[in-house]
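The values are calculated or read from the model by the stated rules, or taken from the named source; none is laboratory data. Quantities reported herein were computed from a predicted structural model and do not represent experimental measurements. Neighbour counts run over all protein chains shown; Cβ positions are idealised from the backbone, glycine included.
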């Protein structure tokens, strides 16, 4: 597996392991959400791959953002949406180490962004900044 595949697997596995969050729509999968039920989506956004040291065949440092969007039905207030977002942010606390396929991925930050309405949903984005070495 490539480093990116292992990083994705580590992040998605951690998200999938969180208790009490609704169903997850993973990238490039078919999903037909019920407009009366909350759900989350996730997307891996690699931002760089650079040598970690100078020299022949150096270790590589990968970094990026794992974006999670929390969807709850609109016009029902922010409480349920915030509860789900809080659970995700807690699971991806800074300095959390995740491992998959021999690649260790470290969480730098997990930050909630501004919520908005996208009818028929109320949506809260969460950006989880990560890095890994291979």
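Annotations
- Counted residues, the stretch 35-49 - those being in a loop (DSSP other than H, G, I, E, B) and under 25 Å from residue 8 (Cβ atoms): 1
- With respect to the conditions (1) closer than 18 Å to residue 7 by Cα; (2) in contact (Cβ under 8 Å) with a residue 40 or more places away in the chain; (3) under 18 Å from the mean Cα position of the chain (by Cα), residue 43 falls short on a single one, namely (2).
- Entry remark, the stretch 1-39: residues being surrounded by 18 or more Cβ atoms within 10 Å (Cβ to Cβ) and either under 17 Å from residue 80 (Cβ atoms) or in contact with a helix residue (DSSP H, G or I) (Cβ under 9 Å, 6 or more places away or on another chain) (or both) number 5 in total.
- Identity of the residue in the stretch 66-97, surrounded by 18 or more Cβ atoms within 10 Å (Cβ to Cβ) and farther than 12 Å from residue 18 by Cβ, that ends up nearest to the chain's Cα centre (by Cα): 66
- Across the stretch 50-70, the number of residues qualifying as outside any loop (DSSP other than H, G, I, E, B) and either touching a helix residue (DSSP H, G or I) at 6+ places or on another chain (Cβ under 8 Å) or in contact (Cβ under 8 Å) with a residue 60 or more places away in the chain (or both) comes to 10.
- Yes/no for residue 100 being surrounded by 15 or more Cβ atoms within 10 Å (Cβ to Cβ), within 20 Å of residue 5 (Cα to Cα), in contact (Cβ under 8 Å) with a residue 40 or more places away in the chain and in contact with a strand residue (DSSP E or B) (Cβ under 9 Å, 6 or more places away or on another chain): no
- Close contacts from the stretch 80-93, counting a first residue that is over 14 Å from residue 121 (Cβ atoms) and a second that is part of a helix (DSSP H, G or I) and at pLDDT 95 or above, with Cβ to Cβ under 9 Å and a gap of 6+ residues or different chains, come to 88/15; 91/14; 91/15; 92/11; 92/14; 92/15.
- Any hit, the stretch 91-114, residues being over 23 Å from residue 131 (Cβ atoms), modelled with pLDDT of 95 or more and not in a strand (DSSP E or B): yes
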